[in-house]
Amino acid sequence: MRLECIECGSKFKLHERFYTCPKCGGLLEVEFELSELKRKLDRKRLKVEAPSVWKYRAFMPILDESKIVSLSEGGTPLYRCNRLAKEVGVRELYVKFEGANPTGSFKDRGMTVGVTKALELGAKTVACASTGNTSASLAAYAAKAGLRCVVLLPKGKVARGKLAQTLIYGAQTIAVKGNFDEALTIVRRICEERKDIYLLNSLNPFRPQGQKTIGFEIADQLGWEVPDRVVVPMGNCANIWAIYKGFFEFDLVGLTKGIPMMTGIQSEGSMPIVDAIKRGLDKFVPVKKPETIATAIRIGNPVNGPKAIRAIRASKGTAESVSDAEIIKAQKLMTRLEGIGAEPASASTVAGLKKLVRRGTIKRDERVVCVATGHILKDPEEAIRVSERPREAPARYKEIIKLLR
Ligand SMILES: *Cc1c(COP(=O)(O)O)cnc(C)c1O
Ligand SMILES: [Zn+2]
């Protein structure tokens, strides 16, 4: 295994501590020697063992398995959603529920690999900027590993559940008077200057290696078949790339055939990648003041944008934007038709799917998977705000039965 720059193709050793290409500044990706990967694969075990991140360890860039830091991440449910399918108008719809991870979002899949890598590299402190889920996850895995954890959050913009997790897991938390993009710029600089602090934002090339397992698990749970389409919310844009890469690698070693059309969703208040895809551009224009109810994708300058554009183009997928109102509507459809509680960013996938089916971009006979990236309890205030208030009544049988009529 090695690190490779997606822009200039330069190759580096796996244990080099680079976040981006030292030659051109491009994004890095872990690449495999195919013969070595095929040799490491235990195909029999893959067919019987239950899904989890470390089930697919042959695909992980880990040199020392004794250092693995795990809270049993992955193995999340793939719900078949017949009522929701009827509502949005597709033949077969599934929701991959990432809220079932240890800290309630898919970030745990990346952090188990990223924090393991931090131990391998001898780091004592790990750091990130976050809209909330990355910091919750990093704080938990750093605690498990016995590492110091530093996080920068945009002040006043982090959903309550995520903030609560970050604080109680013991991360040193700094509320930055600015947005996520500004916080990330600062933490990147800190980690370039201070070699003792290891950066675990999604710019880190190892985290997406864990997130690839969303793709692996979808194929595994569909009986080693690949769906027609996978719909993913795009924030900093590592996840859509990671899932694409998962399907790509399964195809490469012959475990499955083909790659689903990767379909990325952003919010109207923050849609730089959707814009680039619709205009057929290779470069995107950052959004200065991103705004959306879906705080997990409230990112105007996605560092992994070039990877997202590649994943969408290479898989013949597409991208679409949705309004906050559409997100809230979709969130209610998911809870009320399927019992799936997902935070707003996750619900954007169903909102986007609905829009694309209505437009005829997505065919009604497709088999689609939406990735519900985070749990509804991440943002309880939003859930309460968009719901009907409970009616109050005195503690008397007669009064209450009257209300039920
Ligand atoms: C991080 C996150 C996203 C965005 O993922 P990216 O890899 O940054 O594109 C979407 N939804 C939730 C719930 C998240 O935590
Ligand atoms: Zn390069």
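Values computed for the structure shown
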{"read-out": "Cα point-scatterer Debye curve for the chain, base-10 log of I(q)/I(0) at q = 0.07, 0.08, 0.09 Å⁻¹", "value": "-0.30, -0.40, -0.50"}
{"read-out": "Neighbour-count ranking [beta-carbon atoms within 10 angstrom, fewest first] of V95, V151", "value": "V95, V151"}
{"read-out": "Student exercise, the chain dipole from Lys, Arg, Asp, Glu Cβ charges, in Debye to nearest 20", "value": "600 debye"}
{"read-out": "Estimated dipole of region 1-138 in Debye, rounded to 20 [Cβ of Lys and Arg +1, of Asp and Glu -1, Cα centre]", "value": "420 debye"}
{"read-out": "Listed residue pairs exceeding 20 Å between alpha carbons, taken from K67/K124; K107/K329; K307/K355; K177/K378; K157/K289", "value": "K107/K329; K307/K355; K177/K378"}
{"read-out": "Exposure proxy order (Cβ contacts within 10 Å, fewest to most) of F32, F216", "value": "F32, F216"}
{"read-out": "Gaussian network model of the chain, Cα within-10 Å springs - most flexible of P380, P302, P260", "value": "P380"}
{"read-out": "Cα gyration tensor shape for region 114-239, rounded if a/c is under 1.5, else prolate or oblate", "value": "prolate"}
{"read-out": "Cα centroid of region 285-311 to Cα centroid of region 27-83, whole Å", "value": "27 Å"}
{"read-out": "Region 88-133-region 253-271 distance, computed between alpha-carbon centres (Å)", "value": "17 Å"}
{"read-out": "Relative packing of 278-285, 185-192, 267-274, which averages over residues the other C-beta atoms within 10 Å, highest first", "value": "267-274, 185-192, 278-285"}
{"read-out": "Burial order of peptide ranges 337-344, 51-58 (average beta-carbon count within 10 Å, highest first)", "value": "337-344, 51-58"}
{"read-out": "Helix runs (DSSP H) in the chain reaching 15 Å along axis by Cα, Kyte-Doolittle at least -0.5", "value": "107-120, 133-145, 180-193, 238-252, 324-338, 344-359"}
{"read-out": "Taking S323, S315, S202, S346 and counting other C-beta atoms within 10 Å, the order from fewest to most", "value": "S323, S315, S202, S346"}
{"read-out": "Region 186-232-region 336-393 distance, computed between alpha-carbon centres (Å)", "value": "23 Å"}
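Every number here is computed from the coordinates shown, using simple stated rules; none is lab data. Worth saying up front: this structure is predicted, and the values here are computed from it rather than measured. Here Cβ is always computed from backbone atoms with ideal geometry, including for glycine, and neighbour counts include all displayed protein chains.
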